[in-house]
Amino acid sequence: MRLAFILGEIGSGLRRNITMVVSVILVTFVSLTFVGAAGMLQLQINQMKGYWYDKVQVAIFLCSDGSTAAGCATGPVTPEQQDNLQTLLESPAVAQYVNDFQYESKDEAYKHFKDQFSNSPIVDSVTPDQLPSSFRINMKDPEKYQIISETFSSQPGVETVIDQRQLLERLFSAMNAASLVAVSIAGVMIVCAILLIATTIRLSAFSRRRETGIMRLVGASKIVIQLPFILEGVIAAVIGAALASGTLWAVAHFFLGEYLSKQYPDTAFISPGQTLILAPALLILGGSLAGISSLLTLRRYLKV
Amino acid sequence: MIRFENVTKVYDQTARPALDDVSLEIDRGEFAFLVGASGSGKSTFLRLVLKEDRASSGAVYVAGQNVAKISSWRVPRLRRGIGVVFQDFRLLPQKSVFANVAFAMQVIGKSRSVIRDTVPEVLKTVGLEGKENRLPHELSGGEQQRVAIARAVVNRPGILLADEPTGNLDPTTSMGIMGVLDKINQNGTTVVMATHDDDIVNEMRKRVVELKNGIVIRDEARALYTSMIPVVGQSRRLRDASGRDEAQPPAPGEPNPDSGEEQR
């Protein structure tokens with residue numbers, strides 16, 4: 001009986017206040033979408049880290065025609081220089097950091113290049129001669145890159161030592177910055193949402209002050225009086241959160257899944273299912289924000 | 001049922017107290033009129049009983065409990081034992097007569113079947129049988145007040161507080177309302193009624209407690225609206241209080257304590 005009564009009160013409150021309720025839904029929707037976007041970027045970063053960090057290598061590029069680095073003063077790498085480098089890689093001082101390494105010849109480099117850029121017209125203008133040969137090293141601990149770099153940079157026949165991880169780090173820090181921006185926008189929007197929810201609940205309490213006054217007089221408990229108002233805010237915010245979750249899923253499904261993953265088939269994008277991990281968090285966040293702000297408002301404007 | 005022990009209520013430190021050292025006892029089943037000019041402390045008295053306000057000093061006992069010691073989450077239970085009726089009825093305009101009365105039961109969690117049984121019974125007590133489905137604006141003032149009374153007593157409170165319940169009604173209708181209140185009192189409910197209506201008080205011949213400037217100046221059984229006893233028993237303290245009052249006109253915003261009589 002009491003439950004049915006409270007539900008009825010909520011229904012009438014939502015109907016009476018429909019414009020405000022719609023605006024609460026929209027504001028929470030937008031703010032939680034930004035929160036979710038930040039979350040998605042983080043998921044994407046983790047996904048790419050997991051995918052790439054297994055694959056990234058330290059590459060020692062060897063001198064080729066036209067190399068201008070200090071180690072290349074003698075022109076393209078000679079077979080002796082190459083052997084020396086290989087011996088150095090196998091020496092115990094270096095080998096303890098290295099899982100394994102391969103030599104990639106100019107022809108192999110050309111083949112990989114062709115595979116990687118198969119969609120791009122650049123393939124036609126590149127010849128094997130233009131691509132340097134290299135040693136590809138899989139590190140035991142990718143953090144120890146500095147040791148390899150110091151050991152090999154000054155060796156004759158070495159053009160440059162590149163840690164592919166550092167190229168990725170640059171991408172990740174850009175994505176981190178983007179998610180920070182999303183979080184700050186979300187912060188402003190959430191403040192907006194809290195204030196709007198407070199105003200809505202205040203209006204709702206005001207328009208029903210007759211009822212609440214009578215409820216108080218006949219001895220209705222605090223919960224029965226306040227719960228309809230609090231749930232009103234919570235329901236509106238949860239609808240907003242559900243819309244936000246749906247939007248994130250749609251972005252993951254249509255934009256990442258159908259569009260971006262076709263453009264960049266090598267990149268590991270998050271799946272739409274993964275964004276659903278964010279949904280409960282958004283629902284809880286939206287609901288609790290609304291609950292807390294309505295509770296605080298009622299404490300001020302609804303005497304019990 | 002209601003006991004005031006040296007109760008003082010001060011709203012504003014600079015003005016005189018709304019109630020000044022009031023000691024009073026109203027027994028179970030009694031019918032008492034609370035009379036006095038506007039601003040004499042009648043409403044404050046009722047608010048203290050309901051724990052809408054806290055006494056500045058002294059103790060208020062309702063049904064044997066010191067209301068100051070009731071924790072805030074138990075206040076609803078206190079209020080369930082007290083019905084309240086107002087001058088302006090305070091009905092919910094969009095709810096029918098039945099729904100208005102049922103509302104008081106719904107909000108404290110009474111079951112649907114209990115409501116279905118109790119409400120018609122109470123409506124019959126107040127003389128509204130057959131009007132369950134009317135809306136408040138379709139009723140006369142007297143009928144609306146009967147609905148309000150039905151709502152106040154539907155949960156069978158031990159005490160009924162009525163704050164000028166006949167203030168908006170004509171004399172004949174008022175007498176009808178008094179009949180209803182009397183009937184409720186006969187059933188064992190303690191009734192405390194604040195009023196300005198001298199005809200009613202004179203007609204009913206019940207206990208009369210007269211307040212002036214927050215002080216009880218008369219407490220007579222089976223009395224009239226105005227005292228028949230010449231003012232000789234007035235205490236020194238009261239004379240002092242009135243003297244102070246003359247020297248210091250009422251603060252702005254506060255109704256003139258003497259104007260209530262003339263307005264009637």
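Other protein chain C-beta atoms within 10 Å of residue C-beta, averaged over A:221-227: 3. Give, as ranges by residue number, the residues of the range A:162-195 whose backbone N falls under 16 Å from the point 7 Å along Cα→Cβ of A:Y264. Under 16 Å, as judged by backbone N against the label point of A:Y264, lie A:165-179 of the range A:162-195.
The stretch between A:L276 and A:N176 holds 33.9 nm of extra length on full extension. This uses 0.36 nm per residue minus the Cα-Cα distance. Calculated mean residue ellipticity at 222 nm for chain B: -10000 deg cm²/dmol, from DSSP H runs with n ≥ 4 weighted as -39500 (n - 2.57), summed, divided by the residue count and rounded to 500. Label-to-label distance for A:N46 and B:R156 is 6.1 nm, based on points extended 7 Å past Cα in the beta-carbon direction.
Taking the Cα of A:I292, stepping 7 Å toward and past its beta carbon, and measuring to each backbone N in the range A:233-266: which are under 15 Å? Inside the label zone: A:234. Backbone phi angles across the range B:202-208, fed through the Karplus curve with coefficients 6.51, -1.76 and 1.60 (θ = phi - 60°), yield HN-Hα couplings of 5, 5, 6, 6, 10, 5, 10 Hz in residue order; Gly and Pro are listed as x. Using the Karplus relation 6.51 cos²θ - 1.76 cosθ + 1.60 with θ = phi - 60°, the per-residue 3J(HN,Hα) values for the range B:21-32 come to 6, 8, 10, 6, 9, 10, 7, 4, x, 7, 10, 10 Hz, with x marking Gly and Pro. Inter-part distance, the range A:143-191 to the range A:251-274, computed on C-alpha centroids, equals 23 Å. Amide H to amide H, with H built 1.01 Å from N, B:L19 comes under 5 Å of B:K9, counting only residues 5 or more places away or on other chains.
Determine the shape class of the range A:54-164: with a ≥ b ≥ c the square roots of the Cα gyration tensor eigenvalues, call it rounded for a/c under 1.5, and otherwise prolate if a/b is greater than b/c, oblate otherwise. Numbers along the way, then the final one.
Working: a/c = 2.14, a/b = 1.32, b/c = 1.62.
Oblate is the answer for the range A:54-164, as a/c is 1.5 or above yet b/c matches or exceeds a/b.
Per-residue Cβ neighbour counts within 10 Å put A:Y110, B:Y11 in the sequence B:Y11, A:Y110, beginning with the fewest. Here the range A:134-150 is scanned for amide nitrogen atoms under 14 Å from the site 7 Å beyond the Cα of A:N99 along Cα-to-Cβ, giving A:136-145.
Of B:Q145, B:Q87, B:Q13, the residue with the greatest mean-square motion in the GNM of chain B, using alpha carbon springs below 10 Å, is B:Q13.
Give me the net charge of B:Q186's neighbourhood, meaning all other residues with Cβ under 13 Å from the Cβ of B:Q186; Lys, Arg count +1, Asp, Glu -1. Summing Lys and Arg as +1 and Asp and Glu as -1 gives 0. Each of B:Q87, B:G109, B:P157 was placed along the dipole of the range B:27-166 (beta-carbon charges, centred on the mean Cα), and the one lying farthest toward the positive end is B:G109.
A Gaussian network model of chain B, with springs between Cα atoms under 10 Å, assigns the largest mean-square fluctuation among B:R54, B:R146, B:R90 to B:R90. A dipole drawn for the protein assembly as shown from +1 and -1 charges on Cβ atoms has a positive end, and of A:G291, A:S245, B:G142 the residue lying farthest that way is B:G142.
Each part reduced to its alpha carbon centroid, the range B:155-172 and the range A:193-239 end up 29 Å apart. Taken residue by residue and averaged, Cβ atoms of other chains lying within 10 Å of the Cβ of B:99-107 number 5.
Segment A:E80..A:Q116, full-extension length gain: 9.9 nm, with 0.36 nm per residue of separation and the alpha-carbon distance subtracted. Rounded, prolate or oblate: which fits the protein assembly as shown when a ≥ b ≥ c are the square roots of the eigenvalues of the alpha-carbon gyration tensor, with rounded for a/c under 1.5 and prolate only if a/b beats b/c? The shape class here is prolate.
Once a ≥ b ≥ c are taken as the square roots of the eigenvalues of the Cα gyration tensor of chain B, is the result rounded (a/c under 1.5), prolate (a/b larger than b/c) or oblate (a/b not larger than b/c)? Taking the square roots of the gyration eigenvalues as a ≥ b ≥ c, chain B is prolate.
Neighbour counting of Cβ atoms within 10 Å sorts the residues A:C63, A:C72, fewest neighbours leading, into A:C72, A:C63. Estimated from the Cβ-Cβ distance and a Förster radius of 30 angstrom, the FRET efficiency linking A:T199 and A:S12 is about 0.95. Counting neighbouring Cβ atoms within 10 Å and putting the fewest first, the residues A:F113, A:F206, B:F33, B:F98 line up as A:F206, A:F113, B:F98, B:F33. Between B:D117, B:D53, B:D198, the Gaussian network model of chain B with springs among Cα atoms under 10 angstrom shows the greatest mean-square fluctuation at B:D117.
For the range B:82-156, the relative contact order is 51 percent, taking Cα pairs closer than 8 Å that sit 6 or more residues apart in sequence and dividing their mean separation by the residue count.
Spin-label model, B:R205 to B:K183: label points 7 Å out along the Cα-to-beta-carbon direction sit 2.2 nm apart. Packing here is the average count of other Cβ atoms within 10 Å per residue, and on that basis the peptides B:118-125, B:148-155, B:161-168, highest first, run B:148-155, B:161-168, B:118-125.
P(r) tail for chain A: Cα pairs beyond 38 Å make up 43% of the total. Across the range A:270-276, computed HN-Hα scalar couplings (Karplus, 6.51 cos²θ - 1.76 cosθ + 1.60, θ = phi - 60°) run 5, 8, x, x, 5, 5, 5 Hz from first to last residue, x flagging Gly and Pro. Round to the nearest 10 and give me the degree value, 0 to 90, for the angle of helix B:236-247's Cα axis relative to the longest principal axis of chain B. Value to nearest ten degrees: 90.
In this structure, B:R28 and B:T226 have a Cβ-Cβ separation that, at R0 = 25 Å, corresponds to a calculated FRET efficiency of about 0.35.
When the helices of chain A are scored as -39500 (n - 2.57) per DSSP H run of n ≥ 4 and the total is divided over every residue, the value at 222 nm lands at -22000 deg cm²/dmol.
None of the figures in this text is laboratory data; all of them are computed from the coordinates on show. Please read all numbers here as calculations on a predicted model, not as lab measurements. Cβ atoms come from the backbone with ideal geometry, glycine included; neighbour counts cover every protein chain shown.
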